[in-house]
C-alpha cells in the first residue's frame with residue numbers, strides 16, 4: 001500500500017513540474033566582439049524575452065592587469081520582467097536589481113555608537 005502511495009506521489013510531482021518547450025526558442029539578436037587587448041563585449045536576445053549584454057575592459061589595478069566587467073540581463077518572471085545589472089571589478093561582484101533583498105536600516109542607537117567610536121582616540125595595547 002505504501003508503495004502505491006509513493007508511486008502516485010511521484011507521478012503527481014512529475015506531471016506538475018514545468019514542461020520544457022516543444023519548439024526551439026529562436027535567438028532574435030546576437031552580437032559579440034573580442035579585441036586583442038583582452039576587452040570584449042557580447043549581447044543577445046531570445047524569442048521568449050530573455051536578453052543579456054556584457055562588456056569587459058582591461059584595466060590596471062596596482063601592478064596587476066585586471067578585467068572590469070559591466071553588464072545586465074533580464075528575463076520574464078511570474079511577476080513581470082526580472083532585471084539585474086552588475087559590475088565586477090577589484091571590489092568584487094556588485095549586483096543591483098529591484099528583486100534583490102535589501103538589509104534593514106541600521107538602528108539609530110548603533111549609528112550613534114559607531115559615530116562615537118570613530119571619534120575616540122586610538123587605544124594602545126599593553127606591552
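The values are calculated or read from the model by the stated rules, or taken from the named source; none is laboratory data. All of these numbers come straight from a predicted model, not from anything done at the bench. Positions of Cβ are generated from backbone atoms using ideal geometry, with glycine treated the same way; all protein chains shown enter the neighbour counts.
Need the failing condition index for residue 76 against (1) in contact with a strand residue (DSSP E or B) (Cβ under 6 Å, 6 or more places away or on another chain); (2) under 24 Å from residue 25 (Cβ atoms); (3) outside any loop (DSSP other than H, G, I, E, B), just the number.
(1)
Residues to consider are 65, 53; find the one that is at pLDDT 95 or above, out of contact with any helix residue (DSSP H, G or I) (no Cβ under 9 Å at 6 or more places or on another chain) and on the phi < 0 side of the Ramachandran plot.
One residue alone meets the criteria, 53.
Can you find, within segment 60-73, the residue that is farthest from residue 44 (Cα to Cα) among those that are in contact (Cβ under 8 Å) with a residue 24 or more places away in the chain and touching a strand residue (DSSP E or B) at 6+ places or on another chain (Cβ under 7 Å)? Walk me through how you get there before you give the answer.
Within segment 60-73, the first condition is being in contact (Cβ under 8 Å) with a residue 24 or more places away in the chain, and the residues that meet it are 61, 65-67.
In the following step, the residues that additionally are touching a strand residue (DSSP E or B) at 6+ places or on another chain (Cβ under 7 Å) were identified as 65-67.
Working: 65: 28, 66: 25, 67: 21 Å.
Checked segment 60-73; the qualifying residue farthest from residue 44 (Cα to Cα) is 65.
This table checks each residue for (1) surrounded by fewer than 15 Cβ atoms within 10 Å (Cβ to Cβ); (2) not in a strand (DSSP E or B).
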residue: 22; (1), (2): yes, yes
residue: 25; (1), (2): yes, yes
residue: 42; (1), (2): no, no
residue: 54; (1), (2): no, no
residue: 57; (1), (2): no, no
residue: 70; (1), (2): no, no
residue: 81; (1), (2): yes, no
residue: 87; (1), (2): yes, no
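Would it be correct to say that residue 37 is farther than 30 Å from residue 101 by Cα, exposed (fewer than 10 other Cβ atoms within 10 Å of the Cβ) and at pLDDT below 95? Lay out the reasoning, then the answer.
Numbers: farther than 30 Å from residue 101 by Cα: yes; exposed (fewer than 10 other Cβ atoms within 10 Å of the Cβ): yes; at pLDDT below 95: yes.
Here the answer is yes, as residue 37 does meet what is asked.
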